[in-house]
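Peer 1: Just dropping this structure here.
Every read-out reported here was derived from the displayed coordinates using simple, explicitly stated rules and does not represent laboratory data. These figures come from a predicted structure and were not determined experimentally. Cβ coordinates were reconstructed from backbone atoms using ideal geometry, including for glycine residues, and neighbour counts include every protein chain displayed.
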Amino acid sequence: METGHIITCTFETPVGAMVLGSFNDALCLCDWPYRRSRKAVDERIQRGLDAHVRVGSSAVIEEAMIQLEAYFKGTRQTFDLPIRMVGTEFQQRVWKALLDVPYGSTTTYAALTAAIAVPTAIRAVASANGANALSIIVPCHRIIGSDGALVGYAGGVPVKRRLLQLERARAGASAPDLFDGVPA
């Protein structure tokens with residue numbers, strides 16, 4: 001276990017405020033301050049890193065802000081940041097698989113379970129997806145229901161819809177068929 005500080009600050013985006021956090025030069029938090037499980041997520045990260053929170057900024061937080069601003073302007077489709085995913089081995093497998101879902105596309109929970117080679121673990125995958133503390137950076141918003149419905153998102157379904165619409169507008173004709181099931 002490491003001992004130190006998780007440096008956090010609030011960052012305003014076009015879809016609402018986000019909390020950014022860094023630990024030892026890696027981003028460990030990019031999340032919604034109003035999410036229902038905010039306290040549980042914060043406790044998991046603090047416990048996993050053996051660290052306490054303090055308000056401030058860091059070079060990685062500043063870079064995350066720059067890259068998020070570019071994402072919202074439509075000039076960035078991928079992120080190039082050192083990240084620290086704090087969770088179980090299973091959660092980390094799911095989160096790493098999320099990184100493979102391309103900008104402007106969506107996939108289903110069922111497809112995600114197949115991608116991690118655990119096809120019967122849809123509920124566990126959905127739970128891990130919901131525990132993601134690096135929203136947008138680790139694109140859990142790109143996961144939809146098997147019927148194409150927008151389901152569950154820590155930032156709220158309206159924010160998920162806006163993120164997918166932003167990506168769809170920028171991805172243009174290259175968006176895969178699954179995206180057609182996402183209501184505008």
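Peer 1: Filter the helices (runs of 4 or more DSSP H) completely within region 57-151 down to those with at least 3 residues that are surrounded by fewer than 21 Cβ atoms within 10 Å (Cβ to Cβ) and within 16 Å of the chain's Cα centre (by Cα).
Peer 2: Of the helices (runs of 4 or more DSSP H) lying wholly inside region 57-151, those with at least 3 residues that are surrounded by fewer than 21 Cβ atoms within 10 Å (Cβ to Cβ) and within 16 Å of the chain's Cα centre (by Cα) span 59-73, 89-98, 122-130.
Peer 1: Go through (1) aliphatic (A, V, I, L, M); (2) out of contact with any strand residue (DSSP E or B) (no Cβ under 8 Å at 6 or more places or on another chain); (3) touching a residue at least 12 places away in the same chain (Cβ under 8 Å) one by one and return the number of the condition Ile7 breaks.
Peer 2: With respect to (1) aliphatic (A, V, I, L, M); (2) out of contact with any strand residue (DSSP E or B) (no Cβ under 8 Å at 6 or more places or on another chain); (3) touching a residue at least 12 places away in the same chain (Cβ under 8 Å), Ile7 is out only on (2).
Peer 1: While we're on this one: In region 1-45, which strands (runs of 3 or more DSSP E) lie fully inside it and hold 2 or more residues that are within 16 Å of Tyr153 (Cβ to Cβ) and not polar (S, T, N, Q)?
Peer 2: 16-23, 26-31
Peer 1: Take the residues in region 5-15 that are surrounded by fewer than 15 Cβ atoms within 10 Å (Cβ to Cβ) and of a type outside the set (Val, Ile, Thr), then tell me which one is farthest from Val60 (Cα to Cα).
Peer 2: Of everything passing the filter in region 5-15, Pro14 is farthest from Val60 (Cα to Cα).
Peer 1: Can you pull out the residues in region 23-48 that are within 15 Å of the chain's Cα centre (by Cα) and of a type in the set (S, T, N, Q)?
Peer 2: Matches in region 23-48: Ser37 only.
Peer 1: Considering Arg44, Arg35, which residue is more than 27 Å from Lys73 (Cα to Cα) and in contact (Cβ under 8 Å) with a residue 12 or more places away in the chain?
Peer 2: Arg44
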